[in-house]
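I have placed the structure first, in the form of structure tokens, so that the comments after it can refer back to it.
The values are calculated or read from the model by the stated rules, or taken from the named source; none is laboratory data. None of these values were measured; they are calculated from a predicted model. No Cβ is skipped: glycine too gets one built from the backbone with ideal geometry, and neighbour counts run over all protein chains shown.
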Protein chains: 2
Amino acid sequence: MSEELSSEPPPSAEAQVRHATEADLPRIVELLAQLSLDESREELGPPLPETCRRAFQQIQADPNQRLLVAEAGGRVVGTASLLIVPNLSHRGRPYAIVENVVVDATERGAGYGELLLRYAMEEARRAGCYKLSLTSNKRRTDAHRFYGRLGFQATHEGFRVEF
Amino acid sequence: MSEELSSEPPPSAEAQVRHATEADLPRIVELLAQLSLDESREELGPPLPETCRRAFQQIQADPNQRLLVAEAGGRVVGTASLLIVPNLSHRGRPYAIVENVVVDATERGAGYGELLLRYAMEEARRAGCYKLSLTSNKRRTDAHRFYGRLGFQATHEGFRVEF
């Protein structure tokens, strides 16, 4: 996972987390662009790339994929993707993964990241998952402290190969 | 991910990787039990727990989930789970995750782990994924060297919370 977070106080009362709708898609892609150091990685449109719209439809069609947005004052201020994965170990209990966590650079420190993560943890628990896991770039030490405060432990190395 | 691997020479010519069928299920659960230090984590049966059979059916019904087995001399010697995840970042390119990698303790060092991982990398590439990622317990330094040899880089911290 990549993420842009920072240390955050408790979320403000008016903020809420909900599942995304298609109307949120351009704003979500705008937020995801903040994850990248490479400006050309995302294509914001309009129009959005057709591959992006197709991916959104696949995500919405799969009950194990939950695309979350944090909303405050009528505006989407953050997003996260939650994935529930059917699994054979642990006597067939599923596990959960969070990916693509981002809070708008202008809205950090207001607790929206915590609100998104706590929502994901609650959904994972309710789905019977034995764990919720995520990876965070080794350079993002602020994010590591944030996850630690929420009860996450850095037990694993996160490996990747890119294509 | 958890895994039990070790340094391995090139795989033997007679070995192959294929998608699992229901007949492989008891053997796969037996292998997964080797991942755990806690003997009571899995229930080997017979009969296997109903939750396990249900998870298998969900995995088989989802074209984005590929349960792999390595076979040698007519016997299943290893397994890995590959997951292709529809994704909004990277212009809507999916990513892939490998989990539950295990080679039988009595069959290590014969290259089956490499065979499984190379198969997963090839499927991820063919599905258009921008990355294949996995996590490995920080204590499994042998596995880390193994992943490094296959081209994986430990760029991320792997966080988890357990329920």
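For region A:63-100, enumerate the residues that are part of a loop (DSSP other than H, G, I, E, B) and under 20 Å from A:Met121 (Cβ atoms).
A:Pro63, A:Asn64, A:Pro86, A:Asn87, A:Arg93, A:Pro94
Go through (1) over 14 Å from the mean Cα position of the chain (by Cα); (2) free of Cβ contacts under 8 Å to residues at least 24 places away in the same chain; (3) more than 29 Å from B:Asn100 (Cα to Cα) for A:Glu107 and report which single condition fails.
Looking at each condition in turn, A:Glu107 falls short on (2).
Identify all residues within region B:63-91 that are within 11 Å of another protein chain (Cβ to nearest Cβ) and on the phi > 0 side of the Ramachandran plot; write none if there are none.
The answer is B:His90, B:Arg91.
Evaluate region A:77-85: report whether one residue or more is at pLDDT 95 or above, among the hydroxyl-bearing types (Ser, Thr, Tyr) and over 11 Å from the mean Cα position of the chain (by Cα).
no
Of the residues in region B:105-163, how many are of a type in the set (A, V, I, L, M), within 20 Å of B:Ile28 (Cα to Cα) and within 7 Å of another protein chain (Cβ to nearest Cβ)?
Residues that pass the stated criteria total 1.
How many residues are surrounded by fewer than 22 Cβ atoms within 10 Å (Cβ to Cβ) and either at pLDDT below 95 or closer than 13 Å to A:Asn100 by Cα (or both) when one looks only at region B:94-103?
Total satisfying the criteria: 1.
Could you grab me the full set of residues in region B:12-62 that are more than 10 Å from chain A (Cβ to nearest Cβ), outside any loop (DSSP other than H, G, I, E, B) and touching a residue at least 24 places away in the same chain (Cβ under 8 Å)?
Hits for region B:12-62 are B:Gln16, B:Val17, B:Arg18, B:His19, B:Glu22, B:Asp24, B:Arg27.
Could you say whether any residue in region B:114-134 is surrounded by 19 or more Cβ atoms within 10 Å (Cβ to Cβ) and of a type in the set (S, T, N, Q)?
Looking through region B:114-134, at least one residue is surrounded by 19 or more Cβ atoms within 10 Å (Cβ to Cβ) and of a type in the set (S, T, N, Q).
Residue by residue through region A:101-116, note down the ones that are assigned to a loop (DSSP other than H, G, I, E, B) and within 19 Å of A:Gly148 (Cα to Cα).
If the condition is that a residue be assigned to a loop (DSSP other than H, G, I, E, B) and within 19 Å of A:Gly148 (Cα to Cα), then A:Arg108, A:Gly109, A:Ala110, A:Gly111 are the ones that fit.
Does at least one position in region B:1-17 carry a residue that is of a type outside the set (Ser, Thr, Tyr), surrounded by 12 or more Cβ atoms within 10 Å (Cβ to Cβ) and modelled with pLDDT of 95 or more?
Within region B:1-17 (the criterion being of a type outside the set (Ser, Thr, Tyr), surrounded by 12 or more Cβ atoms within 10 Å (Cβ to Cβ) and modelled with pLDDT of 95 or more), the answer is yes, since at least one residue qualifies.
In region B:50-60, is there at least one residue being under 16 Å from A:Asn87 (Cβ atoms), buried (at least 21 other Cβ atoms within 10 Å of the Cβ) and charged (D, E, K, R)?
Among the residues of region B:50-60, not one is under 16 Å from A:Asn87 (Cβ atoms), buried (at least 21 other Cβ atoms within 10 Å of the Cβ) and charged (D, E, K, R), which makes the answer no.
Identify the single condition in (1) closer than 26 Å to B:Glu71 by Cβ; (2) buried (at least 19 other Cβ atoms within 10 Å of the Cβ); (3) touching a Leu at 6+ places or on another chain (Cβ under 9 Å) that B:Asp142 does not satisfy, given that it satisfies every other one.
Unmet condition: (2).
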